[in-house]
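Peer 1: Have a look at this one.
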Amino acid sequence: MFTLIFLFLLLNIPLLVSSFIHPRCFWKVKQNKSKDGDLLTSCIFSLGSVKRPVKKEYFNRLLNVQTPTASYKFVLALAFSIDEVNRNSNLLPNVSLVFELPAGGCHPVSQLHSLIHNSEQSQEAPPNYVCYEDIGCAVLLTGPYWLLQLTYGPFHPILSDCEQFPYLYQMAPKDTSLAQAMISLMLHFSWNWIGLAISDNDQGIQFLSYLRTEMEKNTVCFAFVNMIPVNMELYMSRAEVYYNQIMTSSTNVVIIYGDTDSTLAVSFRMWESLGIQKIWVTTSQWDDITSNRDFTLTSSLGTITFAHHHTEISGFKNFVQTLTHVRYSDEYLAKLEWMKFNCEVAESKWKTLKNCSTNASLEWLMVQTFDMAFNDASYDLYNAVYALAHALHERLLQQQVNQPMDNGKEHNFNCLKVLHSILRKTYFTNPVGEKVNMNEKEKLQPDYDIFQTWNFLQGLGIKVKIGIFSPYFPHGQQIRLSEYRKWWPTESGQMPPSVCSADCGPGFRKYGQEGMAACCFNCILCPQNEVSNETNLHQCVKCPEDQYANTGQTLCTDKAVIVMTYEDPLGLALALMALCFSAFTVLILGVFVKHHETPLVKANNRNLSYILLISLIFCFLCSLLFIGHPNSATCILQQITFGVAFTVAVSTVLAKTITVLLAFKVTVSGRRMKYFLVSRAPNYIIAICTLIQIILCAIWLRVSPPTVDIDTHSEHDHIIIMCNKGSATAFYCVLGYHGSLALGSFIVAFLARNLPDTFNEAKLLTFSMLLFCSVWVTFLPVYHSTKGKVMVSVEVFSILTSSAGLLGCIFVPKCYIILLRPERNSLKKLKEKIRVKSQSL
């Protein structure tokens, strides 16, 4: 059953919220004449009970008593509440409530607490009619020895001291969540730069403490804090400072909190009269001050007030206007209290009313008015009357069991004592369906209705309920505002901003200014490869390694993968070059094998030529290992194959140059030189040099072998996948070894270039080594200045170019002779040519 009830309430939350924030509209007319001291004058009434019916003539007689104009609404509210109780058949049978307004002077509010305190000590009651502005009216039940009080109006922490005021009940709930409600409103409108003006007393300081706690949680900052002294002389000496501070401040929102009869109210009236353009945020007790000022169109951007949420009480206007001897027009009542009118009906005529005269608009509003509003103080007074009625009702029930012993003084004392014991346990539901608990410790935190008040026409003000705050709503959803922005005073239907610094948009981060509030900051661009896609971030988010920041630094985008593949045009071109050169080398090898018995092939040591051609085929083909998606095996094979193949090729060239040199020195050095030539000693050079290179490669693989490298940092928007050389030292040792062999071959070939012989290839070997060295010397700086697949392509191109240089310089001229000039490759014809030359000589 409980589950079903919970589900029912859960499903109806949207309906409840909708009813809470449905707009309620009010209008009020400025009083033509009002004295400063008469603005928020309230009264202390003396209530009692009589065993007779009370008719409306009784209220007519009381209402004829002279009462300050602004306090008259409380008299009317009290009369309405008592009349409603007296007509309730379930309360106080045969008993009626009455109240008195005896003639008496008004006491300054500063004397009120001392009056109550002194009466507690002296056992004497204060005068029954006290005019004051601070805490509203107290409903007094007086006895001969002690005082019982029920107060209405704003809650005061001082009066909640049970030891000092044991017989005092405050009808208003404690505003423990008011600061949270106000900060929630600031957050809703994205206001983080606000001003504060409070009374410099215990109540103001306590509110400031609550406010600071909420602001620290939500990064809302004070533009200024004006603590207005309660002493008038001290205030007057600083009034100009407060005015200049609020005028020069960049904030558009100012919170007002304090007593409405204090120097703070004087400041507020002065600021309003000078036309300071601010949004005032305050409590409902300031509603009278804001509504009694001149309603001029340029006075301010409006006032937002927080009032305790309560169900509307109907019939108030009808009660007042049907009194026998008193007739009140809507216009007169609108000077006392806010008048309710229909928002939906007014919506269609809103723009028209703005262009009408004040009198025409006033007449239309009076037609649409359906009741007179109860403010917070009046509602507390309403509940106070019902609390007293319930307590008296319970006492009557007890009297039926325990009959009084006498009707004297002792009885009155005991009566009030019993009434006090009953009141502190009283818990009831008032006629509009709201729970009222007189035990202050058990009272729930109140919900708040949020109203906005602004100037509509000259002398005419409009107030609209724009939302509600409840501390019992889910966190982050405690404030709900109406969408009826058409009622708001700004043309755009939007609230003006109130920030210290403009928001840092996506792509930027906040940078706090030293010595300034947290809400004041500079906006700086996110560092490289960091992004922010929200506003006002303190830190940018670094993109993952496989992503990069876009131009606006608001989004991380996947990096494009760069790798030398066969699908890439450059990779395909290099692969085709390698295959073509390899095929060409195989063709040359076939030519040499076919003509292996010719003098040209035999004279240049055909075995070394075969080895060189085969090694060049491997040199061309090893470049294919650099193309395609690399893995651990290909990375190792790239460098080992490259190192060994080129070592064989260059060492073979070295062997050929030494062979040529030995062939021409054999006649000079005798048998020893001939022994080296016949024993094929130069052929061992290839094996020795290759073995040394294999040892170097083995050490390389042992110490730091090549691996696959995923480079995410070299290029901003690309991931480079290539082989890491592992040990750079080992790589350059391999290249250096190639260079030393090539340099040795070049030197030997250069020395043998001019030796006389028809088939001397020393010159060809010299040019091939010169080209080989030039390619790899050029390779080094270019290789270090490139990244990614360009770096790979440079290495592949160097391999192909140097290999092609050896092939072209050494073997292409020989193929030319073998294929196109065969007469130069015939030993018989060469001998005839030599004989002809000798005969001619």
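Peer 1: How do the pairs read when you match residues in the stretch 592-607 that are at negative phi with residues anywhere that are open to solvent by 50 Å² or more (accessible area, probe 1.4 Å) and among the aliphatic types (A, V, I, L, M), using Cβ under 8 Å and keeping only pairs 6 or more apart or on different chains?
Peer 2: PRO599/LEU827
Peer 1: Looking at the stretch 206-221 only, could you name the residues that are touching a strand residue (DSSP E or B) at 6+ places or on another chain (Cβ under 8 Å) and in a helix (DSSP H, G or I)?
Peer 2: PHE207, LEU208, LEU211, MET215
Peer 1: Of all the residues that make up the stretch 160-189, how many are open to solvent by less than 60 Å² (accessible area, probe 1.4 Å), aromatic (Phe, Trp, Tyr) and assigned to a loop (DSSP other than H, G, I, E, B)?
Peer 2: 2
Peer 1: Has the stretch 534-544 got any residue that is open to solvent by 40 Å² or more (accessible area, probe 1.4 Å), free of Cβ contacts under 8 Å to residues at least 60 places away in the same chain, not aliphatic (A, V, I, L, M) and not in a loop (DSSP other than H, G, I, E, B)?
Peer 2: yes
Peer 1: Same structure again: Taking only the stretch 529-555 into account, find how many residues are small (Gly, Ala, Ser) and farther than 24 Å from ALA518 by Cβ.
Peer 2: Final tally of qualifying residues: 2.
Peer 1: Which of the residues that make up the stretch 769-804 are in contact with an Asp or Glu (Cβ under 9 Å, 6 or more places away or on another chain), buried (at least 18 other Cβ atoms within 10 Å of the Cβ) and farther than 23 Å from VAL648 by Cβ?
Peer 2: Answer for the stretch 769-804, where residues must be in contact with an Asp or Glu (Cβ under 9 Å, 6 or more places away or on another chain), buried (at least 18 other Cβ atoms within 10 Å of the Cβ) and farther than 23 Å from VAL648 by Cβ: GLY788, LYS789.
Peer 1: Which of the following residues is surrounded by 13 or more Cβ atoms within 10 Å (Cβ to Cβ) and at pLDDT 90 or above: ILE685, ILE695, ILE640, ILE719?
Peer 2: Among ILE685, ILE695, ILE640, ILE719, only ILE640 is surrounded by 13 or more Cβ atoms within 10 Å (Cβ to Cβ) and at pLDDT 90 or above.
Peer 1: While we're looking at this one, here's another question. In the stretch 190-221, how many residues are touching a residue at least 40 places away in the same chain (Cβ under 8 Å), open to solvent by less than 50 Å² (accessible area, probe 1.4 Å) and not polar (S, T, N, Q)?
Peer 2: Here the count works out to 12.
Peer 1: Return the residues of the stretch 235-263 that are in contact with a Ser or Thr (Cβ under 9 Å, 6 or more places away or on another chain), closer than 23 Å to CYS520 by Cα and open to solvent by 70 Å² or more (accessible area, probe 1.4 Å); say none if nothing qualifies.
Peer 2: SER250 - this is the single residue of the stretch 235-263 that is in contact with a Ser or Thr (Cβ under 9 Å, 6 or more places away or on another chain), closer than 23 Å to CYS520 by Cα and open to solvent by 70 Å² or more (accessible area, probe 1.4 Å).
Peer 1: Mind telling me which of the residues ALA633, ALA655, ALA603 ends up being within 23 Å of TRP776 (Cα to Cα) and either surrounded by fewer than 18 Cβ atoms within 10 Å (Cβ to Cβ) or at pLDDT below 90 (or both)?
Peer 2: ALA655
Peer 1: Let me ask another. Given the options ALA583, ALA549, name the one that is open to solvent by less than 40 Å² (accessible area, probe 1.4 Å) and at pLDDT 90 or above.
Peer 2: ALA549
The values are calculated or read from the model by the stated rules, or taken from the named source; none is laboratory data. Everything numeric here is computed off the predicted structure, so don't read it as measured data. Here the Cβ is made from the backbone with ideal geometry for all residues, glycine too, and neighbour counts use every protein chain on show. Quick note on the areas: whole protein, heavy atoms, side chains included, nothing else; ligands and nucleic acids left out. Shrake-Rupley method; radii C 1.70, N 1.55, O 1.52, S 1.80 Å.
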